[in-house]
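Heads up, the thing below is written out as structure tokens.
The values are calculated or read from the model by the stated rules, or taken from the named source; none is laboratory data. Just so it is clear, the model here is predicted, and its values are computed rather than measured. When we count neighbours, we look across all protein chains shown, and the Cβ atoms used for this are built from the backbone with ideal geometry, even at glycine. Keep in mind that these areas ignore ligands, DNA and RNA; they rest on the heavy atoms of the full protein, side chains included. Shrake-Rupley method; radii C 1.70, N 1.55, O 1.52, S 1.80 Å.
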Amino acid sequence: MTPASPLRVILDTDPSFDPDDAGCMAMLHAMATEGEVEILAMMNSTDFREGPISISAINRHYSRGAIPVGDYKADGKKDAPAGNYDHYLANHYPRDLESDEDAPEAASLYREILASAPDHGVTIIVIGTMHN
């Protein structure tokens with residue numbers, strides 16, 4: 001049963017080496033296709049440069065490349081290990097973000113979205129670290 005209005009969500013995730021993040025993104029995209037959720041943004045919480053780029057690649061795969069992707073702007077950002085799926089996606093799949101520097105800072109994107117939303121109007125799903 002599809003709700004009268006979709007649940008408005010922000011996903012905060014830490015794509016890197018374990019598949020829970022990609023699986024959650026796939027589930028959210030399927031739920032968006034069914035009209036159950038509206039994905040307002042996705043946030044990267046890792047200090048890997050490939051984090052937001054891999055999120056962008058997954059969003060584009062599901063024809064939702066316009067979903068804003070926020071990034072944890074840690075000092076000392078580093079490249080993800082070559083064995084991580086975020087590294088692979090960022091280097092082998094089309095995406096809307098060319099660089100992690102193209103992604104807005106996650107906390108600023110949160111503020112922008114939440115400031116324009118009604119009270120209790122956004123659900124935040126966190127499956128990664130709590131950096132943002």
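Give me the pairs, please: first residue somewhere in segment 26-50 and of a type in the set (K, R), second residue anywhere and part of a loop (DSSP other than H, G, I, E, B), beta-carbon distance under 6 Å, and either six or more positions apart or on two chains.
What qualifies is R49/K77; R49/D79.
Kindly indicate whether S54 is at pLDDT 95 or above and under 12 Å from the mean Cα position of the chain (by Cα).
yes
Taking segment 67-79, which residues are in a loop (DSSP other than H, G, I, E, B), under 12 Å from A103 (Cα atoms) and either open to solvent by less than 60 Å² (accessible area, probe 1.4 Å) or at pLDDT 95 or above (or both)?
I67, P68, Y72, listed by residue number.
May I ask you to verify whether S116 is within 14 Å of the chain's Cα centre (by Cα) and closer than 25 Å to M31 by Cα?
no
If K73 satisfies all but one of (1) in contact (Cβ under 8 Å) with a residue 40 or more places away in the chain; (2) in contact with a strand residue (DSSP E or B) (Cβ under 7 Å, 6 or more places away or on another chain), what's the number of the condition it fails?
Every condition holds for K73 apart from (1).
With under 21 Å from L114 (Cα atoms), in a strand (DSSP E or B) and at pLDDT 95 or above as the only criterion, which of A32, A41 stands out?
Answer to the selection: A41.
Check T13 against each of (1) free of Cβ contacts under 8 Å to residues at least 60 places away in the same chain; (2) closer than 21 Å to S99 by Cβ; (3) crowded, with 19+ Cβ neighbours inside 10 Å; (4) in contact with a strand residue (DSSP E or B) (Cβ under 8 Å, 6 or more places away or on another chain) and name the one condition it does not meet.
Status for T13: all satisfied but (1).
Of all residues in segment 80-116 being part of a loop (DSSP other than H, G, I, E, B) and in contact with a strand residue (DSSP E or B) (Cβ under 7 Å, 6 or more places away or on another chain), which is surrounded by the fewest Cβ atoms within 10 Å (Cβ to Cβ)?
This residue is P104.
For F48, only one of the following conditions fails: (1) open to solvent by 20 Å² or more (accessible area, probe 1.4 Å); (2) closer than 17 Å to I113 by Cα; (3) in contact with a strand residue (DSSP E or B) (Cβ under 7 Å, 6 or more places away or on another chain). What is its number?
(2)
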